[in-house]
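The values are calculated or read from the model by the stated rules, or taken from the named source; none is laboratory data. Please read all numbers here as calculations on a predicted model, not as lab measurements. Cβ placement follows ideal geometry from the backbone for every residue including glycine, while neighbour counts extend to all protein chains displayed. We work out accessible area using only protein heavy atoms, side chains counted, and drop any ligands, DNA or RNA first. Shrake-Rupley method; radii C 1.70, N 1.55, O 1.52, S 1.80 Å.
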Amino acid sequence: MGSNTTEKALSMLRFLPRVCLSNIRPHPNSRIRDKRGRGQHGGDKHGCGNKGSGQRQNYMRLGYETGNNPFYLRFPHEPYYQRHHLRREYPPVSLLQLLKFIELNRIDHTKPIDLVSVVNTGLYKLLPDQRQYGIQLTDEGADVFNLKINIEVQYATEVVIAAIEKAGGVITTAYYDQHSLQCMLNTKKFFERGVPIPKRMMPPPDAIEYYSDPAKRGYLADPDKISEERLVLAQKYGYSLPEIEKDPSYDMLTERKDPRQIFYGLHPGWVVNLRDKAILKPQDEELLKYYAN
Amino acid sequence: MSNLCKNFTKIITQVATNRLYSSSYKSAISLDSLYPTSSLKLATPKKPPNEGQDKFTGYIPIEELDITYSRSSGPGGQNVNKVNTKVEVRFNISSASWINDDLKSKLLEKYKNKITKEGFIIFRSDVTRSQHLNLADCLEKIRSSVRSCVVVEQEPSDETAEKLRRRFERATRERLALKRTRSQVKSNRQTPLVNL
């Protein structure tokens, strides 16, 4: 491949002299020779015309429109919508709605809940094309929330985290990039494409700090520090922290996805065949290396 | 197509249903490679000890507090009439295990206006519309009152005390002098008693 030529180049470089001004030249045709025209077509007025500011080289400034308000001054700078096309949105789901979903058997609370479970109820719509990146859990219904659940959302405030932990549950905030979101929104359609499950990408630079913060229960945060933060929140909001390690469903509550995983129980790189009820796994070394990266 | 088949030769015909949520996948950025020294398990930490240089760490055992909810006052229509957002927290200072004894006497003295005959100190809050936030506010009030007892006020040095005394005396002298001049002005407006 390219390794041969690079090796050859590097071996040549060992014997060539050091780069200095005398042995480099500019890119061909990058410098235009400023030559004053001579002869019938290039001579006489040398392209400057007759009289006026043009021949006298006394030009008007760039943008000047001979007195009227120039285009570059007509419109003042009003940066109200600066970067609006880059801002992420998180359509909300309240704790009350979540409670209703669970009590009406739309979501199974004995299994870990994530974006896929909420979207599969059919009552929550997420549009990644409109820069919507996931679920935001709001605090309406925090006073009546009493179910032990393991939930993974994309954003949650302190009050919401306190309400869920008070009931004995576990909440995690995780990031899914747009490509992963498209796979999660209609999982049946995605599997029917016969494409390997992609790996989830890391959050963008302005979100990494949020998802590595134990106080926000980020999926990239240290679980030991999260345990400490649980006590801090319990002390702040005035409830005794339930001991989850003594809970019979401790394994279900602490079930977590790997940062590169999109679906529970499915690894990136696998191809799910729904018709034959089979999973195809990659065998090639390079593919395995790529998906384990 | 054949390339694809070559790469995906291993086929599993039946998915194991007993381990539906297996965590066997580990990428390069999994938690055990990000935090190698961590236990990676969620646990309930014990309360921090009250002894040592921190007389009060801020830890309050919530079970020992008596919390009651009631309806708040003020405007708000049907919502304020129905929702129990006001929080009242009370506890007995003498039997509180989480406050040091030297702090207890200071608390009893400093907050005697909040203490009942039986020795229960009461903290109330209805500042927000949410019960949880009001409870948090009550706890914050408790913590700040205990911390204010921990802080020892420094007495001023002899020089500073002397300075303050001289300032106070000068201010008193000026005030009385001003009073005397005003009084003289007022009496000058009256007709004199003896008409000579």
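Straight distance only, please: which aspartates and glutamates reach the Cα of A:Lys246 with their own Cα at less than 16 Å, same-chain residues fewer than 8 apart left out? Qualifying aspartates and glutamates at Cα under 16 Å: A:Glu165, A:Glu255.
Would you please report the Å³ per residue occupied by the convex hull of the alpha carbon atoms in the protein assembly as shown? Intermediate results must be reported in sequence, preceding the final value.
Values: hull volume 262.6 nm³, N = 489.
Looking at the protein assembly as shown, the number lands at 537 Å³ per residue.
Bridging of A:Lys257 to aspartates and glutamates at a Cα separation below 12 Å is possible for A:Asp114, A:Glu152, once same-chain residues fewer than 8 apart are set aside.
Enter the mean number of other protein chain beta carbons within 10 Å of the beta carbon of each residue in A:235-244, as an integer.
Details: counts 10, 7, 6, 15, 5, 4, 3, 1, 2, 4.
Shielding by partners across A:235-244 averages 6.
Between A and B, buried accessible area from a 1.4 angstrom probe totals roughly 4300 Å², ignoring ligands, DNA and RNA.
Given the Cα atoms of region A:60-189, and with Rh set as the inverse mean 1/r over their pairs in the Kirkwood sense, what is Rg to Rh to two decimals?
Working: Rg = 22.2 Å, Rh = 17.3 Å.
Value, to two decimals: 1.28.
Within the listed set A:Val170, A:Val195, A:Val116, the residue fluctuating most in the Gaussian network model of chain A (springs between alpha-carbon atoms under 10 angstrom) is A:Val195. Compute log10 of I(q)/I(0) for chain A with the Debye formula, placing one identical point scatterer on every Cα and leaving out solvent, at q = 0.08 Å⁻¹, to two decimals. With one equal scatterer per Cα and no solvent, log10 I(q)/I(0) is -0.61.
In the full protein context, the protein assembly as shown carries 68 Å² of accessible surface per residue, based on a 1.4 Å probe and ignoring ligands, DNA and RNA.
Within chain A, antiparallel bridges make up roughly 25 percent of the DSSP beta bridges whose residues both belong there.
For the options A:Pro248, A:Pro70, A:Pro26, a Gaussian network treatment of chain A with springs between C-alpha atoms closer than 10 Å singles out A:Pro26 as fluctuating the most. Using R0 = 60 Å, the C-beta based FRET efficiency linking A:Tyr81 and B:Glu109 works out to 0.50. Multiplying the residue separation of A:Ser53 and A:Asn293 by 0.36 nm and subtracting their alpha-carbon distance yields 79.9 nm.
Spatial offset of region B:90-106 relative to region A:229-261 amounts to 31 Å, using the alpha carbon center of each.
Shape index of region A:139-293: Rg/Rh, with Rg the Cα radius of gyration and Rh the Kirkwood radius from the inverse mean 1/r over Cα pairs, equals 1.03.
Shielding of peptide A:257-268 by partners, expressed as the average count of other chain Cβ atoms within 10 Å per residue Cβ, is 5. For peptide A:220-233, the mean count of partner chain Cβ atoms within 10 Å of a residue's Cβ comes to 4.
The packing ranking, built from the mean of other Cβ atoms within 10 Å per residue, places the peptides B:33-45, B:132-144, B:183-195 in the order B:132-144, B:33-45, B:183-195, highest first.
Taking the longest Cα principal axis of chain A as reference, the axis of helix A:3-13 is set at about 50 degrees. Cross-link reach is defined here as a Cα-Cα straight distance under 22 Å, omitting same-chain residues fewer than 8 places apart; for B:Lys117 the lysines meeting it are B:Lys104, B:Lys106, B:Lys141.
Our helix-only sum for the protein assembly as shown, with -39,500 (n - 2.57) per DSSP H run of n ≥ 4 divided by its residues, gives a mean residue ellipticity at 222 nm of -10000 deg cm²/dmol.
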